[in-house]
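Working notes, structure below.
Coordinate-derived values only; no laboratory data. Since the model is a prediction, treat every value here as computed from it, not as a measurement. Counting neighbours? That spans all protein chains shown, and the Cβs are built from the backbone with ideal geometry, glycine included.
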Amino acid sequence: MNRHFDRDIEQLKELLLRMGAMVEDSINQSIRALLERDTAIAEQVIAADSDIDRMELEIDQHTIELIAKMQPAAVDLRFVATAMKINPELERIADLAQDVCERAIELNREAQLKPLIDIPRLARAAQEMVRQSLDAFVRGDAALARAVIARDDEVDQMTEDSFRELLTYMLEDSAYISRAIRLTFVGKYFERIADGATNICEMVVYLVEGKVIKHAGNVGEVR
Amino acid sequence: MATMEFVQGTRAAAGSAQPAVSSGVRPKIDVKKFNFFYGSAQVLYEVDLELPEKQVTALIGPSGCGKSTFLRSINRMNDTIPGARAEGTISIDGRDLYAPDVDVVALRRRVGMVFQKSNPFPKTIFENVAYGLRIGGIKDKRVLDEIVEQSLRRAALWDEAKDRLGASALALSGGQQQRLCIARALAVGPEILLMDEPASALDPIATQKIEELIYELKDNFTIVIVTHNMQQAARVSNRTAFFMLGKLVEVGDTNAIFMTPKEKLTEDYITGRFG
């Protein structure tokens, strides 16, 4: 049976994907702003963030209306719950891309500390995880979601490596400290972007399988 | 004697090793391989189901799925239908209520029923509630007064009815009439309440009152409710059983059924993908 509800669900999915595309674009541009030392691009990303914020509110509104009107159950309920959790996750990822751009603008005011090696790898990994998390959501692909989650440790390690290297610069010359700290922040922002992708993927597994895998089962059974 | 056992409950069964249902509460009603026929037409197939004590179990499913027949089987309301026949067992506190020596009148005192359409007698409010007690031989006015008040209180009707107990029950609103029928069922001291779409003919406010009442009553009674309103099942029940084409498709904690049902059929039904 065709349901009116299916159209609402499709519409919500489209909104989330549009938001996802905007967020991915912010990440891409933040990486360019950082690597190409392009302040103009960084400023564009910062300016675009309010569009993403507006989108978040629109999706929120749509989701709450769906609950009020349709009182979803089972997979529909899990979809709506997933949408409600993915939405702020995407917005937070966009905020982190904005933070990267703010640090990039500050870094561009000084000479380059060093050629960037670890941070671009980290940034690409985080970017790819976000893209794959959205693919997993669209396709309802729990296996892909689990594969993305598995990459989180790899990203954590890259963040740690990048920090250790930057620490050596700070120890070498106190004049390097402010730039090294800004780059450390940047590394942390990308790590948290990857965390956001992981959270999205955990919700995808819940959506598809009804299983809660959050916190890796460390908290025991809830109720 | 079966009669007395069904009035008082089987003491021995309380301590016996009943299989525990998933929620950890012992089953009040235990259904095993239950089949039901109207003449040659089979309407229930091999139903195995445990209904926990002092909980609400909702029976859901499309029209004609057998859920009302199943409900009515729990106090043998189907007995009077010509050609109706049951196989398998439905036990209450460990005693098969289809055993040949069971006193059906005594059984129905333990297992009360509330119907879709309220059906008060054309008598006063007081006499409606006192009716079953009088039939049971209680004449003492003080006892009658006490039980009528207690039953009306339990049915959340006392405050609205206490000043007009002598008025005709038919003057009450639909929602009040339904609560009166619940009070009437409670007056004879049942342990189990069967409800067949008790709120489907009521407006949202009266419906909410009935739902609140069900919520209160489950502290003292085992309740089985048939409802077509999915949200009502989700709101009032602890467990939900989904029937289709005479078969029990899935039973489980209501939260699980409405969030993560195991069976595709259940999911399709509660999300309105077929009907």
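So here's what we get for this one:
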read-out	value
Nearest-ten-degree value, helix B:174-187 long axis tilted from longest Cα axis of chain B	90 degrees
Most mobile of B:L172, B:L59, B:L193 in a GNM of chain B (Cα contacts under 10 Å)	B:L172
Loop-located GluC sites (Glu not before Pro) in the stretch A:77-167, at most 10 other Cβ atoms within 10 Å (DSSP)	none
Extreme residue, positive dipole direction of the protein assembly as shown, given options A:M55, B:L170, A:V45 (C-beta unit charges)	B:L170
Within chain B: Cβ-based charge dipole about Cα centre, in debye rounded to nearest 20 (Lys, Arg +1; Asp, Glu -1)	380 debye
Listed residue pairs exceeding 24 Å between alpha carbons, taken from B:K141/B:K218; A:K211/B:K264; A:K69/B:K67	B:K141/B:K218; A:K69/B:K67
For the stretch B:212-217, 3J(HN,Hα) per residue [Karplus equation, 6.51 cos²θ - 1.76 cosθ + 1.60, θ = phi - 60°, Hz, x = Gly/Pro]	4, 5, 4, 4, 5, 5
Proximal aspartates and glutamates relative to A:K188, as straight alpha-carbon distance under 16 Å, when same-chain residues fewer than 8 apart are discounted	A:D95, A:D99, A:E102, A:D118, A:D152, A:D153, A:E154, A:D156, A:E160, A:D161, A:E165
³J(HN,Hα) computed for each position of the stretch B:102-118 - Karplus, 6.51 cos²θ - 1.76 cosθ + 1.60, integer Hz, glycine/proline x	6, 7, 5, 5, 5, 4, 6, 6, 7, 10, x, 9, 10, 9, 4, 9, 4
Student exercise, the protein assembly as shown dipole from Lys, Arg, Asp, Glu Cβ charges, in Debye to nearest 20	2640 debye
Relative contact order [Cα under 8 Å, 6+ residues apart], chain A, whole percent	25 percent
Distant-in-sequence amide H partners of B:M113 (H built 1.01 Å from N, under 5 Å)	B:L194
Computed [θ] at 222 nm, deg cm²/dmol, the protein assembly as shown (DSSP H ≥ 4; -39,500 (n - 2.57); rounded to nearest 500)	-19000 deg cm²/dmol
Residue mean of other protein chain beta carbons inside 10 Å, B:264-274	4
Span-like helix ranges in chain A, DSSP H, alpha carbon extent 15 angstrom or more, Kyte mean at least -0.5	A:4-35, A:39-70, A:74-108, A:118-139, A:177-209
Rounded to 10°, Cα long-axis angle of helix B:125-135 versus longest principal axis of chain B	70 degrees
Nearest-ten-degree value, helix B:141-154 long axis tilted from longest Cα axis of chain B	50 degrees
Coordinate range along principal axes, alpha carbons of the protein assembly as shown, Å, largest first	102, 47, 44
Cα centre as origin, Lys/Arg/Asp/Glu Cβ charges: the stretch A:44-87 dipole, Debye	260 debye
